[in-house]
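Visitor: Right, I'll just put the structure down here and ask away after.
Nothing in this text is a laboratory measurement; each read-out follows from the coordinates by a stated rule. Being a predicted model, the structure only gives us computed values, none of them experimental. When we count neighbours, we look across all protein chains shown, and the Cβ atoms used for this are built from the backbone with ideal geometry, even at glycine.
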Amino acid sequence: MRPSLIAAIAALVIALPMAPAHAETVRFPSGSYADFRQLSTREPPTGTLTITGTLAFPDQARDRFPAVVIVHTIAGYQESNEGWYAAELRKAGFATLTYDSPAARRMREGSFNASSGGPPWASAVAEAYGALRLLASDPRIDASRIAIAGFSFGGEVAHLAAFDRLRAALAPGPLRFAAHVAYYPAGVYGIAAGQHYSGAPILMLLGEKDDNLPLAKARGYLEHVGGGADALPRVSIYPGAYHAWTVPSLGAPRFDPQYDSTRKCPYLLLGSTQPALLVDGQERPMDVAALRACLKEGRGYTMAYDALARARSTRETVDFLLKELRP
């Protein structure tokens, strides 16, 4: 075989993603929900589906592993982002579960409408808890040490999974995520007065220049819930970082006007009935017309890769999970 051909084949092998040595395909059921009211009142799901994922283990053997459920961005699973993070977490001793979210695919394709409750965030949270139940039933996993980490869409899911009302609806009893890591979440939902987080620690990683979730909006929400909520998110801000800073394929900053964003909208606060709006630090009644207007006005946001922020945030995430899950 010619040396040039050998070199070409070697380069191709290096470029292809390498599957983890200790990995297996798993499947778990989840429910579809029209909205959070249907979920939190514990009505039966509108439908059920089976989700396929990959469960992978560290090289070193042990009796039971701590684990992390990893939820991808709205773009879907990427080996260079979620796959890379999963590998880093396995090096630190965590089993990892990744999956392709049907709820994210529906949002990406726009296959929903007002009559079906809008974007299927409730279904996305149900998927995460389906993954939690699967891991908790595996004798190789320590059910008391399962965390969730997510990016953008997945970051929003990781934050929502900490709302105790949703946890109680999807995992009655003591089962819960032991920690939550939200990378540059979408900033759509928060908890209303009288509601609580699950009590598990939450790490929220925000970009200084993220115009999809502006810092002022995030700080306004945290100040609002700071007076009464337990286990408030711990926040780290990455200087100069734009939205999706962990995704290598993005390159330099670029504004994409075609993407939906709630950057100019108030937080939707989930309570016991209809969501409220957080306006100027106060909870206001739902105003559908105002939401439509802010969504139209705020369409589009900027994304860019930041190698330094990715490296620093990886270290922070690993240190946080090592502290909270103690593998």
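Visitor: Can you tell me the Rg and Dmax of the chain, counting just the alpha carbons, in angstroms?
Guide: So, for the chain, Rg and Dmax equal 19.7, 72 Å respectively.
Visitor: Assuming a ≥ b ≥ c are the square roots of the Cα gyration tensor eigenvalues, decide whether the stretch 198-327 counts as rounded (a/c under 1.5), prolate (otherwise, with a/b larger than b/c) or oblate. Could you put the intermediate results ahead of the total?
Guide: Values: a/c = 2.53, a/b = 1.15, b/c = 2.19.
It is oblate, given that a/c is not under 1.5 and a/b is not larger than b/c.
Visitor: Let me ask something additional. In Å and from the alpha-carbon atoms only, list the Rg and Dmax of the stretch 86-172.
Guide: Answer for the stretch 86-172, Rg first and Dmax second: 14.1, 45 Å.
Visitor: How far, in degrees from 0 to 90, does helix 288-297 lean away from the longest principal axis of the Cα atoms of the chain, to the nearest 10?
Guide: The angle comes out at about 50 degrees.
Visitor: Same structure again: Among DSSP beta bridges whose residues both lie in the chain, state the antiparallel percentage, nearest 5. Intermediate results must be reported in sequence, preceding the final value.
Guide: Working: 23 of 51 bridges.
Around 45 percent antiparallel, to the nearest 5.
Visitor: Can you give the angle from 0 to 90° between the axis of helix 121-136 and the longest principal axis of the chain, with both taken from C-alpha atoms, to the nearest 10?
Guide: In the chain, helix 121-136 runs at an angle near 50 degrees to the longest axis.
Visitor: So, one more: As a check on your grasp of the helix formula, calculate [θ] at 222 nm for the chain: sum -39500 (n - 2.57) over DSSP H runs of n ≥ 4, divide by the residue count, round to the nearest 500.
Guide: So the helix-based figure for the chain works out to -9500 deg cm²/dmol.
Visitor: Sticking with this one: In whole Å, what three semi-axes, largest first, describe the equivalent ellipsoid of the stretch 63-108 built from its Cα gyration tensor (square root of 5 times each eigenvalue)? Please list the in-between numbers first.
Guide: Working: eigenvalues 106, 27, 5 Å².
Equivalent ellipsoid of the stretch 63-108: 23, 12, 5 Å, largest first.
Visitor: Near Arg140, within a Cβ-to-Cβ distance under 13 Å, what is the net charge of the other residues, with Lys and Arg +1 and Asp and Glu -1?
Guide: Details: positive: Arg62, Arg64, Arg145; negative: Glu24, Asp63, Asp138, Asp142.
For residues surrounding Arg140, the net value is -1.
Visitor: Within the chain, count lysine pairs with alpha carbon atoms under 24 angstrom apart where the residues are 8 or more positions apart or belong to different chains.
Guide: Values: Lys91/Lys323; Lys209/Lys217; Lys209/Lys264; Lys209/Lys296; Lys217/Lys264; Lys217/Lys296; Lys264/Lys296.
The number of close lysine pairs in the chain is 7.
Visitor: Once the cut-off is 13 Å, how many percent of the Cα-Cα pairs in the stretch 160-208 end up in the long-distance tail? Numbers along the way, then the final one.
Guide: Values: 694 of 1176 pairs.
Roughly 59 percent, once rounded to a whole number.
Visitor: Kindly provide the trypsin sites (Lys or Arg not before Pro) of the stretch 25-109 that DSSP labels as loop, not H, G, I, E or B, and whose Cβ sees at most 11 other Cβ atoms within 10 Å. Could the numbers behind the result be given before it?
Guide: On the way: sites: Arg27, Arg37, Arg42, Arg62, Arg64, Arg90, Lys91, Arg105, Arg106, Arg108; in loops: Arg42, Arg62, Arg64.
Counting only loop positions with at most 11 other Cβ atoms within 10 Å, the trypsin sites (Lys or Arg not before Pro) in the stretch 25-109 are Arg42.
Visitor: Can you check how the C-alpha radius of gyration of the stretch 122-280 compares to 2.2 N^0.38 Å, as a plain ratio?
Guide: Cα Rg divided by the expected 2.2 N^0.38 Å: 1.05.
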